[in-house]
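To start, the structure itself, in structure tokens.
The values are calculated or read from the model by the stated rules, or taken from the named source; none is laboratory data. If you're wondering where the values come from, they're calculated on a predicted model, not measured in any experiment. Glycine gets a Cβ as well: all are built from the backbone with ideal geometry, and neighbour counts include every protein chain shown.
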């Protein structure tokens, strides 16, 4: 409990040299993704979260689902902000019994294919490790080949398929590829 409190305080006062110094003094030394930072999602973030969600998915989550996630003790709800403090992505992760499950990861369409998905997944893996998770799981549409390639490049492996998991066009259903990443805990 004290460790969690100290980590929260640290998060409020940590000086981000990349963002606060190098980006201002040497603006060409860092790319846009390097300057992005993660923070916990709050209820005040939901209008922008819902906007990104609606742009990213044909069948977006409803606002009530996000409220439930923010209330759940074992859920980590993250947002990512650019150098101008504009939210450009979010992620919801459930962690319990040694497993972290990515429930929703969505990036503003204008920010895709710039390395933010990789950076966000590295953040998710790091935070899952901090919470003593041994594995990170996720589901992805087989049609989302870019995401699958990213996850595989990070070390995720296909562990199964959920038939008809996702809604699709014309009342059809699309399978979900189940993927897992094994966290190697340092002693």
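Observations on the model:
- Failed criterion for residue 137 (all others in (1) at pLDDT 95 or above; (2) in contact with a strand residue (DSSP E or B) (Cβ under 9 Å, 6 or more places away or on another chain); (3) not in a strand (DSSP E or B) hold): (3)
For (1) surrounded by 15 or more Cβ atoms within 10 Å (Cβ to Cβ); (2) more than 28 Å from residue 63 (Cβ to Cβ); (3) more than 15 Å from the chain's Cα centre (by Cα), each residue gets a yes or a no:
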position	(1), (2), (3)
102	yes, no, no
109	no, no, no
128	yes, no, no
138	yes, no, no
142	no, yes, yes
